[in-house]
Amino acid sequence: MTALLEVEHLRVSFRTEEGVLQAVDDVSFSLGRGELLGIVGESGSGKSVTAMTLLGLTRGPNANISGRALLGDLDLVAASEHRLEHVRGRRVAMVFQDPMTALNPVQRVGDQIVEQVRAHEPVGRREAMDRAVALLDRVGIPRARQRARSYPHEFSGGMRQRVMIAMALSCSPEILIADEPTTALDVTTQAQILAEIKTLREQTGVGVLLITHDLGVIAEVADRVVVMYAGRVVEQGSVEEIFYDPRHPYTWGLLGSAPRLDKPRPERLPTIPGSPPSLLHPPLGCRFAPRCAWRFEACSSEPDLKSDGPEAGDHLGRCWLGLGTARERRVVGGTIGLPVRAPAGASRRPGDETAP
Amino acid sequence: MTAPAGDAVGPLLELDHLRMLFPVREAGGKRAHVHAVDDVSVAVGEGETLGLVGESGCGKTTLARCAVRLLKPTAGTVRFGGHDITSLGPRSLRPYRAQMQIVFQDPQGSLNPRKRVGQIIGAGLRLAGGGRGDDGRVGRLLNQVGLAPEHANRFPHEFSGGQRQRIGVARALAVNPRLIVLDEPVSALDVSIQAQVINLLDDLQEELGLSYIFVAHDLSVVRHVSDRIAVMYLGKVVELSPAEELYNRPVHPYTLSLLAAIPVPDPRLSRSRARHAVRGELPSPIDPPGGCRYHTRCPAATDLCRQVEPPLTVYPGGHQAACHHPLNVSSADIAAAVRSPASSRSAGPDLPAAPGPSASDLRESAAR
């Protein structure tokens with residue numbers, strides 16, 4: 001698969017009053033044509049900052065960005081603001097979490113799409129409007145011609161998100177970045193929107209970067225997965241590898257704590273003890289160690305993101321545990337998870353968050 | 001703590017044919033009403049958790065707010081501990097307020113950012129007539145929810161989302177309530193933190209014998225806390241059943257599609273299972289469809305569904321559902337079924353005549 005986008009050693013930090021906040025720390029991944037890459041992590045893991053940086057949306061006097069993000073031969077990190085204007089919306093489009101705040105409330109949705117089309121392509125108003133109507137129809141909005149004349153508040157949440165997707169597709173982008181596109185929606189609407197994204201990518205070959213905290217969403221649509229924790233990639237691999245052969249204890253914890261409808265109800269929900277670290281003062285060594293039931297001496301220095309050998313291929317993990325040990329330890333009560341109780345020697349009350 | 005009451009005393013909270021209509025003015029100045037809750041009857045027993053689920057706009061939050069009398073229902077009665085509190089004024093409600101507390105969805109928005117945690121938790125204590133909020137009690141409450149007594153001097157912004165939700169729980173506990181309404185208490189939290197808060201709520205219930213009404217849009221979260229679950233659709237209860245029953249044997253087609261819409265964190269399973277997403281959109285609650293309210297989106301809808309509202313029907317085992325063509329029931333179940341007293345008054349007289357289509361038939365017709 002030829003890579004559409006090649007992100008290499010991306011680092012983003014922000015200067016704040018309390019010190020330097022390292023939001024994204026050495027993140028690398030690639031996205032192929034027609035591929036759906038999922039980025040999972042909890043709030044503060046750096047997944048949204050990564051996506052926004054690709055569009056130059058995190059630039060500012062207090063931001064420090066390094067690394068490369070190659071879209072063809074254009075480096076999105078180094079590109080001038082002027083060059084980026086030709087990329088945003090045209091080659092890389094974005095769908096945000098909350099469609100109500102991402103749409104202009106005082107402009108008809110059809111006009112908003114027309115505006116974007118005409119900003120990038122030399123087409124007339126009428127032709128652009130025809131394209132807008134075709135797009136709205138394409139993403140499943142009934143009576144598209146009339147609905148193009150509606151304002152955002154006249155749509156339901158799911159329909160608004162469809163409008164956002166139509167707008168994102170209006171210039172046939174190579175890459176679609178979707179940042180928690182279904183988090184604000186009901187499960188029923190979520191299923192409809194995910195199905196829509198799947199068909200679109202099959203039909204148009206657009207590469208999709210899907211950011212979410214929901215492993216269920218990832219399981220359903222992603223081809224490959226990047227798991228982020230505290231600004232770092234802790235694991236990366238195919239969707240099969242991440243769900244059936246996960247390498248990192250954080251991934252085990254995430255898989256274990258997702259409520260499962262397809263399994264019998266457990267007495268207690270498995271949790272990951274503690275809470276994510278502050279990015280102002282990240283833990284030394286492995287960032288997940290303070291919450292990890294399996295930490296040992298080696299964890300005081302940070303492991304590399306590495307493959308377990310030639311047969312592991314592109315499956316990368318950032319953990320000191322050997323592959324054999326990891327495969328043994330990740331099984332808790334018959335499924336993958338983190339043990340509820342910390343092993344002997346760890347002094348911590350399990351299930352409790354640490355003091356701020 | 002109040003002693004758990006026996007059956008003779010009856011349920012702690014009873015909602016009887018409750019209606020809540022909100023007046024709105026439509027385009028052109030026409031008066032109309034949002035039918036947020038339309039003739040709903042449910043009860044919550046001592047020490048029981050009732051899960052309340054449905055899509056946004058189905059009336060679950062409104063129902064919960066009527067239950068603790070944050071809203072005054074348009075019609076119907078609210079009985080708490082056997083007393084009718086439907087139309088009590090603010091003063092006469094006060095003794096009941098301490099017994100019914102609420103924890104809100106957004107822990108950021110529901111804590112005063114300018115007050116210290118100790119003041120936030122102590123305010124309820126003072127108002128409930130416990131004299132000055134004494135520090136010992138606040139410290140004990142903080143301990144109880146997994147925080148430390150010294151946190152009383154901090155401000156809400158110094159805490160993470162999960163910890164803020166624990167503060168919200170401590171505030172609710174301060175006045176020794178018997179019932180707590182949890183309105184989407186974990187949906188703003190990260191997955192790993194969600195589980196921590198749910199386990200905490202579980203422990204507290206066991207320790208203090210609390211009753212919960214747990215409002216959520218997500219059936220997978222509700223399953224872990226609920227004894228019984230009510231599924232709401234457009235202001236009506238469409239299914240009410242013991243928790244595990246609902247997952248093993250959904251009777252209403254809407255429940256089936258809600259369950260099918262939840263993504264399973266298992267790629268092989270989620271890609272192989274037949275998707276049966278609900279079609280279309282929620283109709284407007286201002287002018288809800290006649291007959292069965294779900295008929296506009298239901299793959300099994302017939303003329304009967306379009307014309308006659310189905311009554312809530314009780315099947316053997318206590319499973320209730322309002323559907324003319326129930327799923328997962330046998331002919332014997334239907335023969336033994338009775339009309340539930342909780343049925344809407346507008347519902348038709350006839351109970352289902354025969355089992356409805358099988359779940360797999362439904363999936364096929366939904367796929368078309």
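Things to note:
- All positions within segment B:244-260 that are within 11 Å of chain A (Cβ to nearest Cβ) and either part of a strand (DSSP E or B) or surrounded by fewer than 20 Cβ atoms within 10 Å (Cβ to Cβ) (or both): B:244, B:247, B:248, B:259
- In segment B:143-153, the residues that are within 11 Å of another protein chain (Cβ to nearest Cβ) and buried (at least 18 other Cβ atoms within 10 Å of the Cβ): B:145, B:146, B:147, B:151
- Criterion (part of a helix (DSSP H, G or I), open to solvent by 10 Å² or more (accessible area, probe 1.4 Å), more than 22 Å from residue A:96 (Cα to Cα) and within 13 Å of chain B (Cβ to nearest Cβ)) met by exactly one of A:240, A:196: A:240
- Considering A:188, A:251, A:182, the condition of being of a type outside the set (A, V, I, L, M, F, W, C) and over 19 Å from the mean Cα position of the chain (by Cα) is satisfied by A:188 alone.
- In segment A:148-185, the residues that are within 14 Å of another protein chain (Cβ to nearest Cβ), open to solvent by 10 Å² or more (accessible area, probe 1.4 Å) and not in a loop (DSSP other than H, G, I, E, B): A:153, A:154, A:157, A:159, A:160, A:162
- The number of residues in segment A:103-124 being surrounded by fewer than 17 Cβ atoms within 10 Å (Cβ to Cβ) and closer than 23 Å to residue A:185 by Cβ comes to 3.
- When the residues of segment A:96-116 are filtered to those that are of a type in the set (A, V, I, L, M, F, W, C) and under 18 Å from residue A:55 (Cβ atoms), the one that is modelled with the highest pLDDT is A:103.
- Test result for residue B:137, of a type in the set (D, E, K, R), assigned to a helix (DSSP H, G or I), open to solvent by 20 Å² or more (accessible area, probe 1.4 Å) and closer than 27 Å to residue A:251 by Cα: no
- Pairs, first open to solvent by less than 50 Å² (accessible area, probe 1.4 Å) in segment B:324-344, second among the aromatic types (Phe, Trp, Tyr), C-beta under 7 Å, six or more apart: B:329/B:315; B:333/B:315; B:337/B:315
- Boolean, residue B:109 is among the small types (Gly, Ala, Ser) and either modelled with pLDDT of 95 or more or surrounded by 15 or more Cβ atoms within 10 Å (Cβ to Cβ) (or both): no
- Counting residues in segment A:1-8 that are at pLDDT below 95 and surrounded by 17 or more Cβ atoms within 10 Å (Cβ to Cβ) gives one or more.
- Applying the condition of being touching a His at 6+ places or on another chain (Cβ under 8 Å) and either closer than 24 Å to residue A:14 by Cβ or within 14 Å of chain B (Cβ to nearest Cβ) (or both) to segment A:281-319 and asking which residue is surrounded by the fewest Cβ atoms within 10 Å (Cβ to Cβ) yields A:318.
- Strands (runs of 3 or more DSSP E) wholly inside segment B:20-90 containing at least 1 residues that are surrounded by fewer than 19 Cβ atoms within 10 Å (Cβ to Cβ): B:31-44, B:75-80
- Some residue of segment B:261-276 being in contact with a helix residue (DSSP H, G or I) (Cβ under 9 Å, 6 or more places away or on another chain), assigned to a loop (DSSP other than H, G, I, E, B) and more than 14 Å from chain A (Cβ to nearest Cβ): no
- Scan of segment B:183-213 for residues that are polar (S, T, N, Q), touching a Lys or Arg at 6+ places or on another chain (Cβ under 9 Å) and more than 9 Å from chain A (Cβ to nearest Cβ), ordered by number: B:211
- Taken across segment A:59-75, residues that are in contact with a strand residue (DSSP E or B) (Cβ under 6 Å, 6 or more places away or on another chain) and without any contact (Cβ under 8 Å) to a residue 24 or more places away in the chain do occur, with at least one present.
- Total residues in segment B:278-305, condition under 17 Å from residue B:350 (Cβ atoms), out of contact with any Cys (no Cβ under 9 Å at 6 or more places or on another chain) and not small (Gly, Ala, Ser): 2
- Residue list for segment A:203-214, restricted to those being within 14 Å of chain B (Cβ to nearest Cβ) and open to solvent by 10 Å² or more (accessible area, probe 1.4 Å): A:213, A:214
- Of all the listed residues (A:267, A:297), the sole one being closer than 30 Å to residue B:257 by Cβ and either modelled with pLDDT under 90 or over 22 Å from the mean Cα position of the chain (by Cα) (or both) is A:267.
- Residues in segment A:243-280 that are of a type in the set (A, V, I, L, M) and within 25 Å of residue A:304 (Cβ to Cβ) were compared, and the one that is nearest to the other protein chains (Cβ to nearest Cβ) is A:272.
- Residue B:308 vs. criteria in contact (Cβ under 8 Å) with a residue 60 or more places away in the chain and of a type in the set (Val, Ile, Thr): no
- Taken together, the criteria place residue A:134 among residues that are open to solvent by 20 Å² or more (accessible area, probe 1.4 Å) and among the small types (Gly, Ala, Ser).
- Scanning segment A:215-237 for residues that are within 14 Å of chain B (Cβ to nearest Cβ) and assigned to a loop (DSSP other than H, G, I, E, B) yields a count of 3.
- Spans of strands (runs of 3 or more DSSP E) in segment B:154-234 with at least 3 residues open to solvent by less than 10 Å² (accessible area, probe 1.4 Å) and touching a Pro at 6+ places or on another chain (Cβ under 9 Å): B:211-216
- Hits in segment A:168-191 (condition: touching a residue at least 60 places away in the same chain (Cβ under 8 Å), in contact with a Leu (Cβ under 8 Å, 6 or more places away or on another chain) and aliphatic (A, V, I, L, M)): A:168, A:169, A:175, A:176, A:177, A:178
- For segment A:306-334, a residue qualifies if it is touching a helix residue (DSSP H, G or I) at 6+ places or on another chain (Cβ under 6 Å) and over 12 Å from residue A:252 (Cα atoms), and the qualifying residues are A:308, A:315, A:320.
- Checklist (1) within 14 Å of chain A (Cβ to nearest Cβ); (2) in contact with a strand residue (DSSP E or B) (Cβ under 7 Å, 6 or more places away or on another chain) applied to residue B:320, failing item: (1)
The values are calculated or read from the model by the stated rules, or taken from the named source; none is laboratory data. Quick caveat, the model's predicted, so the values are computed rather than measured. Positions of Cβ are generated from backbone atoms using ideal geometry, with glycine treated the same way; all protein chains shown enter the neighbour counts. Calculation scope for accessible area: heavy atoms of the full protein, side chains included, ligands and nucleic acids excluded. Shrake-Rupley method; radii C 1.70, N 1.55, O 1.52, S 1.80 Å.
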